[in-house]
Amino acid sequence: MAIRKTTKQRIKHPDPAWWHGLPAPKKIEMGTRVYDTLYSVRTKYGVPETLFNRLREVNTAIATLFNCREAVKQLAKYYTELQDLLLNVGSNEIVTFERIKDKIFPDAAAKINGGLLGVLMDIEAALNQNAEYLKDQSIGIFLGYILPAKNNPDLLKLTAAAIAKFTGGDVILNGKMPWPAKYWYILVDRNDGHGQTFAEKIAGAKFIDRHELPKHPVTWTYTVELQDKNGIAIGKVCVTSVTVWKGRDDQGPEAGGN
């Protein structure tokens with residue numbers, strides 16, 4: 001069990017957006033990335049060298065433990081296989097134990113100053129006091145302190161990209177639901193003299209039309225409009241057509257019917 005002095009309180013740091021946004025492996029890599037990138041220019045950016053020393057110590061310890069995971073996994077696999085042998089080999093059959101020679105865990109008596117997240121936040125605070133750093137946000141993005149701006153989509157170019165396919169019994173529309181669209185609003189012209197009629201409004205990118213089929217081949221044309229969460233149309237409408245009919249054995253022309 002890890003031991004710490006009872007006089008030290010565990011600090012629950014707030015969850016910074018940049019930390020929350022990093023995938024798990026990047027959280028381990030971040031300490032090294034900050035150290036390697038900023039150490040040579042620490043004077044330029046006004047970051048105290050003591051912070052770098054703390055960062056190097058705690059990040060090295062964390063990285064060591066992180067790298068132990070694979071060794072521990074292999075060790076667990078070895079012991080599981082060994083247990084299986086002991087349970088299932090023939091009576092009186094000898095099972096040989098291999099001695100584990102490699103040192104998997106760090107020295108239990110090692111004393112490390114912890115608090116990687118706190119150190120990273122202290123470095124961020126120091127950087128934000130420096131005019132040179134604030135001029136160029138690209139280094140903050142590279143280090144992970146600043147999350148890249150989320151590119152807003154061009155709402156005029158969004159489309160459901162729907163394609164209609166006749167299965168012989170139903171028509172299936174498949175396509176996309178690009179953000180920030182929430183709904184498909186579907187109209188259909190069944191070429192029966194009634195023009196476009198409402199088919200369905202769905203919160204998804206797949207629609208199955210089980211409307212009664214005509215006796216002879218007819219082209220049905222679907223218009224799919226994207227709508228946002230408030231039901232407001234966005235993007236470009238998508239138009240797709242397919243020929244349907246109720247032929248022999250209920251099979252349409254695309255399914256091989258006559």
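The values are calculated or read from the model by the stated rules, or taken from the named source; none is laboratory data. In this text, all values refer to a predicted model and were calculated from it rather than measured experimentally. Neighbour counts run over all protein chains shown; Cβ positions are idealised from the backbone, glycine included. Note: areas computed on protein heavy atoms with side chains; ligands, DNA, RNA excluded. Shrake-Rupley method; radii C 1.70, N 1.55, O 1.52, S 1.80 Å.
Restricting attention to the range 231-258, the residues being at pLDDT below 50, hydrophobic (A, V, I, L, M, F, W, C) and in contact with a Lys or Arg (Cβ under 8 Å, 6 or more places away or on another chain) number 0. Note on the range 179-201: residues that are open to solvent by 30 Å² or more (accessible area, probe 1.4 Å), over 13 Å from T223 (Cα atoms) and touching a strand residue (DSSP E or B) at 6+ places or on another chain (Cβ under 9 Å) amount to 5. So, in the range 219-231, of the ones that are open to solvent by less than 30 Å² (accessible area, probe 1.4 Å) and closer than 15 Å to S241 by Cα, which residue ends up farthest from the chain's Cα centre (by Cα)? The qualifying residue farthest from the chain's Cα centre (by Cα) is W220. Which one of S138, S241 is closer than 30 Å to E29 by Cβ and open to solvent by 40 Å² or more (accessible area, probe 1.4 Å)? S138 is the lone residue from the list that is closer than 30 Å to E29 by Cβ and open to solvent by 40 Å² or more (accessible area, probe 1.4 Å). Taking the residues in the range 27-67 that are modelled with pLDDT under 80, closer than 13 Å to L117 by Cα and charged (D, E, K, R) as candidates, determine which candidate is nearest to the chain's Cα centre (by Cα). My answer is K27. Taking the numbered list (1) of a type outside the set (D, E); (2) over 28 Å from the mean Cα position of the chain (by Cα); (3) closer than 30 Å to Y222 by Cα in turn, L173 passes all entries but (2). Yes or no: D209 open to solvent by 20 Å² or more (accessible area, probe 1.4 Å) and within 18 Å of S241 (Cβ to Cβ)? No.
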